[in-house]
1. Using the Karplus curve 6.51 cos²θ - 1.76 cosθ + 1.60 with θ = phi - 60°, what ³J(HN,Hα) values do you get for each residue of segment 321-332, in whole Hz, with x for Gly and Pro?
2. Work out how much length ARG631 to LYS326 would gain on full extension: take 0.36 nm times their residue separation and subtract the Cα-Cα distance, in nm to one decimal.
3. May I ask you to give the average projected area over all directions of the convex hull of the Cα atoms of segment 299-340, in nm² rounded to one decimal?
4. Based on the inverse mean of 1/r over its pairs of different Cα atoms, what is the Kirkwood hydrodynamic radius of segment 471-539, in Å?
5. By how many nm would the segment from ASP447 to ASP616 grow when fully extended, if each residue of separation counts as 0.36 nm and the alpha-carbon distance is taken off?
6. Which of the peptides 295-302, 178-185, 621-628 is most tightly packed, and how do the rest follow, judged by the mean count of other Cβ atoms within 10 Å per residue?
7. Given labels modelled 7 Å from the Cα in the Cβ direction, how far is it in nm from LEU158 to ASP416?
8. Show me 268-275, 164-171 ranked by packing, highest mean number of other Cβ atoms within 10 Å first.
Amino acid sequence: MLYVIVIILAAVGAFVFFRQQNSGKTDQQNQDLPDAQVQEDSQAESGESEASSGSDLESESESGSGSESSFILSAKPMTSPDTVDGATYSTHAPAGESSPYGLSAAPEKKAKASSNLLRWCGRTSSVQIENFVIPGPVAYWSNGESSTPEPSCINVELPVEFPQHGQDLPADGAASYAEMSPLQRGIYLTWLSGARIQPPLHICYPSIWLYGIERRAIIDKLDLSLCINEVFRLLPLMRWEVMAENLVKFITWLAIRIWLPEEDMLSLCMRMNTAPENMLCILLNSYANAKLPLPSQVAFTLMRTSARLRGENAAIMSHSDELLQKFTPIYKEICSGGLILAKPQNNRKILYTPTNPTVKLDKKSSTPLEIPDFFEDTKQFKLLRNSWEVFLTSLTPVERGEVEVKAADSLVERPDFEGFIETLSPEGSNLPLMTTLEKFGELMKFDTSPESKITGKERKSMVETAQVEGWQIVPDLGISGRNYQWSDFIMFIRLAPGTKLSQEYRISSFILEFVCALTATDEDRLFEPLRQHLNDYFQLTDEDNIRLETQRLLNLPTQRDAEFYGEFISMWLSSHERITLKNFVLKFLSFLPEFQNNPALKTRTCEILGVRENTDPTPEQLAKTNQELGREILNLMTLLFKNN
């Protein structure tokens, strides 16, 4: 027994001796190598590199694991192309088991920054090219030509020529950002800086932007919900059928891949007048699987947005909570509490081919996805269609637009508003139309002489007349105490029938108008960040943002000086309330460098609002979130809008 133990100890000792000898040789070899080579070998062992490419991912996916994994910038906010050293990077997401299709993000790592690294800039960060700031572009960018081929990458070193007023704009497009002319880059960046809420000039601009979204979702597997929502927000602006189809395919494919919750899909469909059938199939699938009756909101949205169920020639109806409340009891009575759908026998196959030439799907992602085809046989919707017909029959003209019909009935002699609009826009454009209160008053046959004042009744009649015809007047004509004058410029904006402007929009519109006057803002580069910053304080819809964006036509340059606003604000708000408004305005403006810790701005704001300068916010007020401050201002400013 002792003999065996001795042999084992001798073997172990010999093994340790040879390990030490080999280790010493390896260390000596590394000392003899140049430093760069040691670093290179170390990187090869750790499997790290700085560029991401579709081909690398494809080969990695096929083999199950790769010797190299590429780095891309994660969604951590970055405020400038120069702030690269502290950036956070992450590797490609592995084919994880946490989701049904393996679209899970990888853990973050720190990587050495490279001047030509492909970087991501999301909604909460910005890219700056010289003095031009692009807030929240939701796009890739780089300092110099990116080491990763990406046609959408914004190379901040390429020359840019921003379009000037009245300048002839190019009618042709480009295949990538790098291939654009300087003027085309200026047009594209201007569109991005405006939060992509205006129809793009050429199909190449949304196409190139979509390239980046595809890479973010398919290659990086990050910000998936953001990608869906940003693409959906772009959909109403597309006048090119092929582009609209690509956007719908992307939304549908990605929604299935990530198992988008039914409440999120319902939210998307509710914002549409006609929804693609594939999206409706995704919405209905979860209820059919669980054998649950369709909720009233789902049934209402289905009938309202399905061209097949409501009829191709049926009138288009936007979502309305009032109409939903009227539909609900009819639906529940006819459908015995709610329609329960049977699972269809056949499925629809969904296959997505990326439009980005540098993005390739791996084997798992290229497999067609399947969703039940609820529209192969519409017989099971018979009771639902019956309830919809009863609902439509029950609607009266007043219930379709109570405010508008009453307004029309109240007009003794209805003016030729349609003819008036045609004089402002001979080509019948839906773009914002500019005129003056005097010209509109003459149409209404009001006394518009210089010595006459505009009465509240006249302003109300103007607003109601415009609403009847589907137009909104900006600025708001219902602000208490405001001294409206016939020479004031106004703007008509298209307004969907039945739309009710929220108090958050009205107050946001006023604040935007006020801060433009207070800061004497006359540059687009300042107006757009200010407009977008309102979303951090108030809950504004996409439609609200579009309306606010058009205000630049009125607010740049401002029509009235800041003293004009201070007069009627002081009339309605107490000194304590004006102090609260002053502190809000200074905090709201402080996100821009030129307004941070600006003594002159503070002094002027206090003078305009009639408050002392030593009325800084308390620690409790400083601890409030932007949303809490926004709600405080809503409650404070509501008094000014009591006539709306």
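1. Couplings: 5, 5, 5, 4, 4, 6, 6, 4, x, 5, 4, 5 Hz.
2. Here the answer is 106.7 nm.
3. Across all orientations, segment 299-340 yields a mean hull projection of 3.1 nm².
4. 13.7
5. 56.2 nm
6. Those peptides, ordered most packed to least, come out 295-302, 178-185, 621-628.
7. Label-label distance for LEU158 and ASP416, simple model: 5.1 nm.
8. Highest mean packing first, the order is 268-275, 164-171.
The values are calculated or read from the model by the stated rules, or taken from the named source; none is laboratory data. If you're wondering where the values come from, they're calculated on a predicted model, not measured in any experiment. Positions of Cβ are backbone-derived with ideal geometry, glycine not excepted, and every protein chain shown enters the neighbour counts. Surface areas here come from the heavy atoms of the whole protein model, side chains and all, with no ligands, DNA or RNA. Shrake-Rupley method; radii C 1.70, N 1.55, O 1.52, S 1.80 Å.
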